[in-house]
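Beneath this line is the structure, given in C-alpha cells, with notes to follow.
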C-alpha cells in the first residue's frame with residue numbers, strides 16, 4: 001500500500017468510526033447522545049394547521065406577524081412537555097404544528113391558539129346576548145371604553161410575570177398583574193361590578209374549580225387596579241396556565257383548518273417494517289454486487305456500509321425528522337449509490353477488455369463515468385429542491401419535505417461514497433497480489449481471456 005492510498009484510507013476509517021459511534025446505540029449514540037427523531041407517522045402524535053386572520057394587519061406587516069405568532073406558539077407548547085415540536089410557516093398565513101408523541105385535549109388546543117387565554121365576564125341582562133352560560137347564569141364579556149375604544153378585559157392585558165403561590169390557608173393561587181391599559185380597564189369594570197360576580201372563562205368554556213367543579217366567578221369586593229389572584233386551580237393546572245400566560249400574546253385570531261392524530265402503535269409497526277425492509281434491501285443489493293462484479297462488488301459493498309452509517313449519523317446530528325416517506329427517500333438513495341458504482345464498474349470492464357493495466361482501467365473508468373454520475377445527481381438535487389419548496393406550502397407538508405430532505409442527503413453522501421470511498425478501496429486493492437488475477441475484476445465470459 002502506497003502512502004498516497006494509505007492517508008485517504010485512514011481518513012475514511014476515522015470517519016466511519018466516528019459515524020458508527022454517533023449511530024450506535026440507535027436510541028442515544030455514544031457520541032452526540034441523540035436518538036433518531038421520528039415523525040408523527042412513526043412516533044404518533046398530533047398535527048395541526050392554523051390559519052391566521054390577517055385582515056386587520058397593515059399591508060407589508062404580515063410576515064412579521066406570522067413570525068411573532070410562531071414564537072408565541074413555541075413558548076406556549078413548552079409547558080405541555082413536548083421536547084421536539086415542529087412549528088413552521090405554510091404559505092403566507094398558515095402555521096403547521098407537529099407535536100410528536102403527544103395527544104392533547106381540546107382545551108389545550110384552544111389555549112395554544114387563543115389570542116387571550118383567559119377572558120373575564122359579567123352577568124348579562126335578559127335582553128342582552130350572552131357568550132357563556134353556566135349554573136350561575138348567562139354571561140357576556142366584561143368590557144369598557146378606554147381612550148375612546150371599547151376593550152374586553154382578558155389575560156391579553158396581563159404583564160408576562162404571572163406566578164403560582166399559596167395563601168395563608170394553603171390554597172393554590174395564580175397571581176397576575178395588569179399592564180397599563182389593563183389597569184385602567186380593570187379599575188373601571190371592577191368599580192361598576194362592586195359586590196357582583198366577575199366570571200373567568202377559558203375560550204368558550206367556564207374556568208372551573210378543580211376541587212368541586214364549580215365555576216370560578218368571585219364576587220368583586222374591592223376595586224382592582226394593579227394585580228389580582230385566581231384561586232380554585234390545581235397546582236399542575238395553575239403552573240401550566242401561568243407558563244402559557246407568560247408566553248406572550250398572539251396578535252391575530254387563529255383557526256384550526258386541519259387536524260390529524262396518529263396512533264403511536266401504528267407508528268411502531270411502521271418503524272419495525274421500515275427497518276426490516278431497509279435491511280433486507282441493503283443485504284440483497286450487496287449480495288448482487290458481490291456475485292455479479294466480484295471483487296469490485298465486494299469493495300462497493302464495503303463503501304455501501306460506510307454510506308449507510310454516515311447517512312444515519314447525519315440524520316441524528318442535524319437532526320432530520322424521519323417520516324415513512326423520508327425512509328423511502330433514504331432507501332431510494334441506496335439504489336442511486338449502487339447505480340453510480342455500476343456505471344464505474346462497467347467503464348472499468350471496457351478498459352480491461354481493451355488491455356489496459358488494472359490501475360489505469362480504474363482511473364479511466366472513474367473519469368469516464370463521472371459526467372453521467374454528476375449530471376444524474378444534479379437533476380435529482382433540483383427535483384429535491386422543488387419538492388421541498390412545494391412541500392413547505394401545503395398542509396400535509398411533513399411527508400413531502402421529509403422525502404426531499406432524506407433523498408438529497410442520501411444522494412450527496414452516495415456521490416462521496418462511490419467516487420471517493422469505492423475509488424480508494426479499489427486503488428488500495430490494486431496494489432495487492434490478488435489484483436493480478438484480472439478475472440476477479442470482471443464478469444467471466446467465454447469470449448474473454450483471463
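Read-outs throughout are calculated quantities, based only on the coordinates presented, and are distinct from any laboratory measurement. In this text the structure is predicted, and so the values were computed from the model without any measurement. Glycine gets a Cβ as well: all are built from the backbone with ideal geometry, and neighbour counts include every protein chain shown.
The distance linking segment 335-351 with segment 18-76 is 40 Å (Cα centroid to Cα centroid, whole angstrom). Each residue in 273, 286 was given a count of other beta-carbon atoms within 10 angstrom of its own, and listing them fewest first yields 273, 286. By the count of neighbouring beta-carbon atoms within 10 Å, fewest first, 6, 37 end up ordered 6, 37. Axis of helix 3-23 versus longest Cα principal axis of the chain: the two differ by about 30°, to the nearest ten degrees. Under the criterion of Cα pairs below 8 Å and six or more residues apart, the relative contact order for the chain equals 20 percent. Axis of helix 295-317 versus longest Cα principal axis of the chain: the two differ by about 10°, to the nearest ten degrees.
Over all orientations, segment 317-411 has a Cα convex hull whose mean projected area works out to 6.9 square nanometres.
Helix 62-77 and the long axis of the chain differ in direction by around 90°, with both axes built from C-alpha atoms.
Going from the fewest other Cβ atoms within 10 Å to the most, the residues 392, 234 appear in the order 234, 392. Considering segment 119-249, its Cα convex hull presents a mean projected area of 8.2 nm².
Highest first, please rank the peptides 157-166, 58-67, 362-371 by the mean number of other Cβ atoms sitting within 10 Å of their residues.
362-371, 157-166, 58-67
Remark: C-alpha extents of the chain on the principal axes read 107, 48, 37 Å, sorted largest to smallest.
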